[in-house]
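The values are calculated or read from the model by the stated rules, or taken from the named source; none is laboratory data. Predicted model, so just to flag it, every value in this text is computed and none were measured. Note that each Cβ is placed from the backbone with ideal geometry, even for glycine, and that neighbours are counted across all protein chains shown.
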Amino acid sequence: MLSSFVYILLCSDNSFYTGVTENVYKRFDEHQDGKYFGSYTYSRRPLQLVYFCHFTDIEQAILFEKKVKKWSRAKKLALIEGRYEDLPNLAKKKFYK
């Protein structure tokens, strides 16, 4: 059974990049070294690995990665900082009168 990881990088422009990989440290080095010219992270180096989580099922990892990519910055920060109790409230839309 292959392990998979969903990871979040903090880019030099203060944006986040979310990805999925089988080897999080190797993949981070590839981003940091600029292995793929023209990729999102290429011109946003240096990078910091600020979050990763382990999955035993690649399909579940891909689903989680897609979900996180759609999250707001505030919700991603809550995940990174381990404020899991804040995640449900950050998912709710705000309606103004």
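Name the residues in segment 17-47 that are outside any helix (DSSP H, G or I) and β-branched (Val, Ile, Thr), would you? Working first, answer last.
Going residue by residue through segment 17-47, those that are outside any helix (DSSP H, G or I) are 17-23, 34-41, 45-47.
Within segment 17-47, Thr18, Val20, Thr21, Thr41 meet the criteria.
Kindly evaluate Lys94 against the criterion of being assigned to a loop (DSSP other than H, G, I, E, B) and either modelled with pLDDT under 95 or surrounded by fewer than 14 Cβ atoms within 10 Å (Cβ to Cβ) (or both). It is true that Lys94 is assigned to a loop (DSSP other than H, G, I, E, B) and either modelled with pLDDT under 95 or surrounded by fewer than 14 Cβ atoms within 10 Å (Cβ to Cβ) (or both). Of all residues in segment 22-40, those satisfying the criterion of being more than 12 Å from the chain's Cα centre (by Cα) and buried (at least 16 other Cβ atoms within 10 Å of the Cβ) are Arg27, His31. Only one of the listed residues (Val50, Val68) is aliphatic (A, V, I, L, M), in contact (Cβ under 8 Å) with a residue 12 or more places away in the chain and not in a helix (DSSP H, G or I). That residue is Val50. Annotation: of all residues in segment 1-11 being in contact with a strand residue (DSSP E or B) (Cβ under 9 Å, 6 or more places away or on another chain) and part of a loop (DSSP other than H, G, I, E, B), the one that is surrounded by the fewest Cβ atoms within 10 Å (Cβ to Cβ) is Ser3. Quick one: would you say Thr56 is surrounded by fewer than 14 Cβ atoms within 10 Å (Cβ to Cβ), of a type in the set (Ser, Thr, Tyr) and either modelled with pLDDT of 95 or more or in contact with a Gly (Cβ under 9 Å, 6 or more places away or on another chain) (or both)? Yes; evaluated as a whole, the condition is true for this residue. Within segment 6-22, the set of residues being among the hydroxyl-bearing types (Ser, Thr, Tyr) and touching a Ser or Thr at 6+ places or on another chain (Cβ under 6 Å) comprises Tyr17 only.
Residue by residue through segment 12-21, note down the ones that are in contact with a helix residue (DSSP H, G or I) (Cβ under 8 Å, 6 or more places away or on another chain) and surrounded by fewer than 14 Cβ atoms within 10 Å (Cβ to Cβ).
Those that are in contact with a helix residue (DSSP H, G or I) (Cβ under 8 Å, 6 or more places away or on another chain) and surrounded by fewer than 14 Cβ atoms within 10 Å (Cβ to Cβ): Ser12, Asp13, Ser15.
For segment 16-41, a residue qualifies if it is free of Cβ contacts under 8 Å to residues at least 40 places away in the same chain and within 22 Å of Leu77 (Cα to Cα), and the qualifying residues are Tyr17, Thr21, Val24, Tyr25, Arg27, Phe28, His31, Gln32, Tyr40, Thr41. Answer with yes or no whether Ser3 is of a type in the set (Ser, Thr, Tyr), at pLDDT below 95 and more than 20 Å from Trp71 (Cβ to Cβ). So Ser3 fits the description; yes.
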